[in-house]
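Peer 1: Would you mind keeping the following structure in view while I ask a few things?
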Amino acid sequence: MPYGFGGVDFSLQPTEGNWVERPLLGRSGDGHFVYPATREFEMRWGLVTPAQLDEVLTYFENLTLTGTLVVGLPKWSATTYVFENYTGCTISEPTVKRYFAEHITDVYLLVDNIRTA
């Protein structure tokens with residue numbers, strides 16, 4: 001299972017993806033580090049067509065109707081490279097950079113509210 005939303009694989013898989021380091025919120029009374037309960041994941045596409053960008057933008061626009069998405073991502077803390085569907089996720093509005101001929105470069109998307117445990 002590759003990257004995708006709602007059980008549907010992206011027609012063009014991201015060229016890069018990574019788990020974002022969680023910020024340290026503080027320390028507990030007994031000295032343990034405290035982190036947010038959820039994680040974030042970044043996706044980047046180096047070069048996409050307008051139709052491929054529209055696929056991602058459509059999911060973002062539809063998110064306002066449902067509130068959350070199921071997102072297929074590499075499994076957090078797995079011993080092998082496998083994918084897992086994470087439910088209840090939200091996504092940022094995709095950002096884009098320059099046009100290169102008829103393509104769009106450097107598309108970025110942040111997946112948030114990922115519960116890994």
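Peer 1: Looking only at region 58-87, which residues have a backbone nitrogen under 16 Å from a spot 7 Å from the Cα of E93 in the C-beta direction?
Peer 2: Residues 58-65 fall inside that zone.
Peer 1: Could you work out the helix-only [θ] at 222 nm for the chain, with each DSSP H run of four or more residues adding -39,500 (n - 2.57) and the total divided by the number of residues, to the nearest 500 deg cm²/dmol?
Peer 2: Helices in the chain give a 222 nm mean residue ellipticity of -5000 deg cm²/dmol.
Peer 1: Next question, about the same structure. Quick one: longest stretch of the chain between exposed loop GluC sites (Glu not before Pro), exposed meaning at most 10 other C-beta atoms within 10 Å and loop per DSSP?
Peer 2: Formally, the longest exposed-site-free interval is 22-101.
Peer 1: Would you please give the FRET efficiency between L110 and A51, computed as 1/(1 + (r/R0)^6) with r the Cβ-Cβ distance and R0 = 25 Å, to the nearest 0.05?
Peer 2: After rounding to 0.05, the efficiency reads 0.70.
Peer 1: What is the Å³ per residue value for the convex hull set by the Cα atoms of region 4-114?
Peer 2: Per-residue hull volume (Cα only) is 117 Å³.
Peer 1: With unit charges on the beta carbon (Lys/Arg positive, Asp/Glu negative), name the residue among T95, L24, L53 whose Cα is farthest towards the positive pole of the charge dipole of the chain.
Peer 2: In the chain, that residue is L24.
Peer 1: Now for a separate question. Quote to one decimal, in nm, the extra length available between R27 and E102 on full extension: 0.36 nm per residue of separation minus the C-alpha distance between them.
Peer 2: 22.0 nm is the gain from fully extending R27 to E102.
Peer 1: Restricting to DSSP loop positions (anything but H, G, I, E, B) with no more than 13 other Cβ atoms inside 10 Å of their own Cβ, which chymotrypsin sites (Phe, Trp or Tyr not before Pro) remain in region 48-98?
Peer 2: Filter output for region 48-98: Y81.
Peer 1: Among T49, T90, T68, which one moves the most in a GNM of the chain with springs linking Cα atoms closer than 10 Å?
Peer 2: Highest fluctuation among the options: T49.
Laboratory data are not the source of any read-out in this text; all were calculated from the coordinates shown. Not measured: the values here are computed from a predicted model. Positions of Cβ are backbone-derived with ideal geometry, glycine not excepted, and every protein chain shown enters the neighbour counts.
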